[in-house]
1. Calculate, in nm to one decimal, what THR176 and HIS52 gain on full extension: separation in residues at 0.36 nm each, minus their alpha carbon distance.
2. Which loop trypsin sites (Lys or Arg not before Pro) in the range 209-266, with loop taken from DSSP, have no more than 16 other Cβ atoms within 10 angstrom of their Cβ?
3. Just going by the charge dipole of the range 219-288, with Lys and Arg at +1 and Asp and Glu at -1 on Cβ, which of GLN225, ILE243, ALA262 is farthest out on the positive end?
4. Can you compute the helix-only [θ] at 222 nm over the chain? Use -39500 (n - 2.57) per DSSP H run of at least 4 residues, normalise by all residues, nearest 500 deg cm²/dmol.
5. Calculate the FRET efficiency for GLU257 and ILE16 from the Cβ-Cβ distance with a Förster distance of 22 Å, rounded to the nearest 0.05.
6. Based on the Cβ-Cβ distance from SER272 to SER371, what FRET efficiency comes out when R0 is 35 Å, to the nearest 0.05?
7. I'd like to know which of GLY285, GLY166, HIS118 lies farthest towards the positive end of the charge dipole of the chain, counting +1 on Cβ of Lys and Arg and -1 on Cβ of Asp and Glu.
8. For the range 268-316, what class follows from the C-alpha gyration tensor (a ≥ b ≥ c being the square roots of its eigenvalues): rounded when a/c is under 1.5, otherwise prolate if a/b is larger than b/c, else oblate?
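Bear in mind these aren't lab numbers, they're just calculated from the coordinates by the rules spelled out. Values in this document were obtained by computation on a predicted structure and should not be read as measured data. Virtual Cβ from ideal backbone geometry, glycine too; neighbours counted across all protein chains shown.
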Amino acid sequence: MTHNNLQTIAEREASILAPYAMHSSDTLGRRYDEQQQSYRGPFQRDRDRIVHSAAYRRLSGKMQVFTGDMGDYHRTRLTHTHEVSSIARTLARALRLNEDLVEALALFHDIGHPPFGHAGEDALAECLAAEGGFSHNQYALTIAEQLETRHQHFPGLNLTEEVLAGQATRVDKSATEISPLLEVQAVEAADSMTYDAHDIDDALKLGLVKFAELEQLDMIKICQQQIASRGDELGEREYQRAIIHTLLDCQVTNVLEHTSTALTQFQWDSASAARQSDFRIGTVGEIAKAKKQLELFLYERVYRHVAIVKTRELAQRQIQQLFAVLVENPEIMPARFVEHAEQVGLPRSVGHYIAGMTDRFFEQQFLAHVSQ
Ligand code: MG
């Protein structure tokens with residue numbers, strides 16, 4: 001039922017979105033047919049389903065780079081996700097892309113992360129090596145298509161084809177011959193800008209790196225020039241904070257300038273026309289080069305810092321131990337994972353169970369069943 005005072009989703013999008021955006025009326029729909037709603041478009045509905053899922057809530061208990069015992073300042077997987085969503089929506093609005101789709105994709109993008117971040121992923125990949133490994137991006141699709149049980153009529157969240165296909169390009173970049181939707185590209189670009197900035201911020205705050213080291217990096221020099229050009233008088237703390245938001249600002253500005261030049265040049269008249277192009281939303285030129293240098297620094301000085309490596313090794317060992325115990329004693333798992341094993345095999349089902357755990361729930365399970 002459409003109320004007379006309400007603009008339809010299609011009308012609203014036609015007046016706001018660019019022709020090259022993914023319009024809701026062009027969606028390929030869902031695997032299980034559902035009635036459309038008059039007050040919410042398909043991608044808004046996806047976003048809401050993601051936000052209401054158990055897997056999404058658990059992101060608050062999953063680490064991004066730094067663990068819970070390192071304090072409360074740094075990002076969790078959930079706050080990282082919010083920051084990505086915020087920046088991706090900024091890009092989408094400026095470029096007149098479909099913000100609802102971008103938000104759904106962003107809120108969904110890390111939903112498959114196991115406990116203990118990439119260490120958890122590596123451990124599960126080793127445990128499941130004989131079964132084809134483990135990828136958190138793939139596991140996000142498993143959550144969306146099989147594991148979440150919110151509706152009686154279908155398994156999973158029954159998300160639109162566009163959100164699932166967007167996530168699938170994260171699993172395998174060469175999965176499609178044509179380019180991903182511009183909305184998917186915007187989220188990808190936002191993800192990397194976000195973690196570059198917040199990992200620097202967190203590492204500084206935790207004392208893993210010193211500001212003097214950062215000042216050697218081209219990206220930080222670019223930020224310093226911008227701050228100097230504004231002429232503000234800043235104390236040490238304010239100055240460091242200004243560096244972090246300038247780091248985001250100069251990347252967003254670079255991406256938007258580059259993309260809007262391309263949009264003027266190509267004049268795509270539909271989302272599918274844009275997908276035929278090799279163009280990619282991302283940083284270019286001096287900023288892209290400086291970003292690479294910054295990421296190498298993060299990799300060498302932060303992600304491989306002794307404090308991080310120690311946590312990683314411990315988490316990996318513990319995940320492998322709990323995995324082995326659960327494969328030996330599957331009855332420890334909730335009944336639905338015992339049943340799930342009938343479809344996907346026991347090792348994979350154990351992997352799916354562990355991957356869904358928060359860091360703290362994992363530790364409880366480890367204490368209860370391994371380290372007695
Ligand atoms: Mg991410």
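1. On the way: separation 124, 0.36 × 124 = 44.64 nm, distance 2.97 nm.
Gain on extension, THR176 to HIS52, equals 41.7 nm.
2. Details: sites: LYS210, LYS221, ARG230, ARG237, ARG241; in loops: LYS210.
Of the trypsin sites (Lys or Arg not before Pro), the ones in loops of the range 209-266 whose Cβ has at most 16 other Cβ atoms within 10 Å are LYS210.
3. My answer, from the dipole projection, is ALA262.
4. Values: 18 runs with 225 residues, N = 372.
Only helices count here, giving -19000 deg cm²/dmol.
5. Working: r = 22 Å, r/R0 = 0.99.
In this case the efficiency is close to 0.50.
6. Numbers: r = 54 Å, r/R0 = 1.55.
That gives a FRET efficiency of 0.05.
7. HIS118
8. Values: a/c = 7.06, a/b = 2.22, b/c = 3.17.
Cα axes put the range 268-316 in the oblate bin.
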